[in-house]
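Asker: Let me give you the structure first, and then I'll get to my questions.
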Amino acid sequence: MKKIIIANWKDNLVATKSLTLAQKYKTIKICDCLKAVVCPDFSAISSVASIFKKTALQLGAQNCSALPIGAHTGEVSVEILKSLGVKYVIVGHSERRACGESDEVVSQKASKVLAAKMLPVVCVGETALERRSGNTLLTLERQIRGALGKLPKNLKSARIILAYEPVWEIGSGKMLAASEAEETCLIIKNFAKKCGALKVEVIFGGSINKNNSQEYLNKKNIDGLLVGGASLDFKNFSQIVNC
Ligand code: PGA
């Protein structure tokens, strides 16, 4: 199975810059062993989608509403995302959890994404404090059980991506050794199986760039990468996907 590289542009680019970067991405060469997904901000999804037409690049979103399409001011439902061509939706990113998103809301969002036959990318990861106090695995287990435990049985058999991003790694340049990252990805997969999820892939993220990506991608039990800052730099990202 191809490993997956997901670019998360976050809220970094004004409209013109998203379009310029998307035009550059259009020329990207993706290694046969990889798939590439790009998650622009909501406002850019539609125009980026038309730029990516007839390319191998797939579209993702950085978040979605936990509510169905309807009168919910400021929300963006999975129905709307699907209609724009979105296939992957990041849920529970640590930057959203830091704004108060609970495990329960993450679970509702994952359930909406799966019911719409799209792929959730459920983010989990410990903070620096949780790691220091020896609670990394407890945190991961709580987040995974919270996100997947209550999913209806029929949705648990669908493909689900979990993204392991230690919070202290994000944007910091600090990283877990690839062997420890792999070991933890495997533990995460087993937690997810215990929750009844049958087809789980576990990707890794936090400070990934062209210089370190290969080391993590070479690990058998790391199914791909989630890339933030380095995905804003076309040359950097293109080297990650054209390995
Ligand atoms: P980073 O972000 O690559 O800039 O550390 C990763 C993420 O937050 O998904």
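Asker: Look at ALA158 and say whether it is closer than 23 Å to GLY60 by Cβ and surrounded by 23 or more Cβ atoms within 10 Å (Cβ to Cβ).
Answerer: Criteria not met by ALA158.
Asker: If you don't mind, there's one more thing I want to ask. So, in the range 101-159, exactly how many residues are aliphatic (A, V, I, L, M) and more than 27 Å from LEU84 (Cβ to Cβ)? It would help to see each step written out before you state the result.
Answerer: Keep residues of the range 101-159 that are aliphatic (A, V, I, L, M), which gives 105-106, 110, 113-116, 118-119, 121-122, 124, 128-129, 137-138, 140, 144, 147-148, 151, 155, 158.
Remaining after also requiring more than 27 Å from LEU84 (Cβ to Cβ): 128-129, 137-138, 140, 144.
Matching residues across the range 101-159 total 6.
Asker: Somewhere in the range 141-152, is a residue open to solvent by 50 Å² or more (accessible area, probe 1.4 Å), away from the ligand (no atom under 15 Å from the Cβ), at pLDDT 95 or above and among the basic types (Lys, Arg)? Let's see the steps before the verdict.
Answerer: The initial filter retains those residues of the range 141-152 that are open to solvent by 50 Å² or more (accessible area, probe 1.4 Å), namely 141-142, 145, 150, 152.
In the following step, the residues that additionally are away from the ligand (no atom under 15 Å from the Cβ) were identified as 141-142, 145, 150, 152.
Restricting the remaining residues to those that are at pLDDT 95 or above gives 141-142, 145.
Pick out the ones that are also among the basic types (Lys, Arg) and you get 142, 145.
So far as the range 141-152 goes, yes, one or more of its residues are open to solvent by 50 Å² or more (accessible area, probe 1.4 Å), away from the ligand (no atom under 15 Å from the Cβ), at pLDDT 95 or above and among the basic types (Lys, Arg).
Asker: In addition: Where residues in the range 215-231 are touching a residue at least 24 places away in the same chain (Cβ under 8 Å) and of a type in the set (Gly, Ala, Ser), which of them is most open to solvent (accessible area, probe 1.4 Å)?
Answerer: Narrowing the range 215-231 to residues touching a residue at least 24 places away in the same chain (Cβ under 8 Å): 215-229, 231.
Now narrow it down to the ones that are of a type in the set (Gly, Ala, Ser): 224, 228-229, 231.
Working: GLY224: 0, GLY228: 20, GLY229: 60, SER231: 0 Å².
Checked the range 215-231; the qualifying residue most open to solvent (accessible area, probe 1.4 Å) is GLY229.
Condition check ((1) within 12 Å of the ligand (Cβ to nearest atom); (2) open to solvent by less than 10 Å² (accessible area, probe 1.4 Å); (3) farther than 17 Å from LEU119 by Cβ; (4) charged (D, E, K, R)) across all residues:
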position: ILE188; (1), (2), (3), (4): no, yes, no, no
position: ALA192; (1), (2), (3), (4): no, yes, no, no
position: VAL200; (1), (2), (3), (4): no, no, no, no
position: SER213; (1), (2), (3), (4): yes, yes, yes, no
position: ASP233; (1), (2), (3), (4): yes, no, yes, yes
position: ASN242; (1), (2), (3), (4): no, no, yes, no
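Residue-wise test of (1) touching a strand residue (DSSP E or B) at 6+ places or on another chain (Cβ under 9 Å); (2) small (Gly, Ala, Ser).
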| position | (1), (2) |
| --- | --- |
| PRO40 | yes, no |
| SER43 | no, yes |
| ASN63 | yes, no |
| GLY74 | no, yes |
| ILE80 | no, no |
| VAL89 | yes, no |
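Asker: If you don't mind, another one. Out of the residues in the range 124-137 that are open to solvent by less than 40 Å² (accessible area, probe 1.4 Å) and in a loop (DSSP other than H, G, I, E, B), state the one that is farthest from CYS64 (Cα to Cα).
Answerer: So, considering only residues that are open to solvent by less than 40 Å² (accessible area, probe 1.4 Å) and in a loop (DSSP other than H, G, I, E, B), the one farthest from CYS64 (Cα to Cα) is GLU126.
Asker: Further question on the same structure: Output the residues belonging to the range 25-47 that are among the aromatic types (Phe, Trp, Tyr) and in contact (Cβ under 8 Å) with a residue 40 or more places away in the chain.
Answerer: TYR25
Asker: From the residues in the range 202-211 that are within 14 Å of the chain's Cα centre (by Cα) and at negative phi, which one is surrounded by the most Cβ atoms within 10 Å (Cβ to Cβ)?
Answerer: Filtering first and then ranking leaves PHE204.
Asker: State all residues of the range 94-123 that are within 15 Å of the ligand (Cβ to nearest atom), open to solvent by 10 Å² or more (accessible area, probe 1.4 Å) and not in a helix (DSSP H, G or I); if no residue qualifies, say none.
Answerer: Listed by number, the residues that qualify are ALA98, CYS99, GLU101.
Asker: Something else now. Test GLU169 against the stated conditions and say whether it is within 16 Å of the ligand (Cβ to nearest atom), of a type in the set (D, E, K, R), under 20 Å from ASN8 (Cα atoms) and touching a helix residue (DSSP H, G or I) at 6+ places or on another chain (Cβ under 7 Å).
Answerer: No.
Asker: Are there any pairs, at least 6 apart or on different chains, whose C-beta atoms fall under 6 Å, with the first in the range 159-181 and of a type in the set (A, V, I, L, M) and the second open to solvent by 10 Å² or more (accessible area, probe 1.4 Å) and within 8 Å of the ligand (Cβ to nearest atom), and if so, which?
Answerer: Matching pairs, first to second residue: VAL167/SER94; MET175/SER207.
The values are calculated or read from the model by the stated rules, or taken from the named source; none is laboratory data. A quick note: this is a predicted structure, and the numbers were derived from the prediction, not measured. Positions of Cβ are generated from backbone atoms using ideal geometry, with glycine treated the same way; all protein chains shown enter the neighbour counts. To get the accessible areas, we keep the full protein, side chains included, count just its heavy atoms, and leave off ligands, DNA and RNA. Shrake-Rupley method; radii C 1.70, N 1.55, O 1.52, S 1.80 Å.
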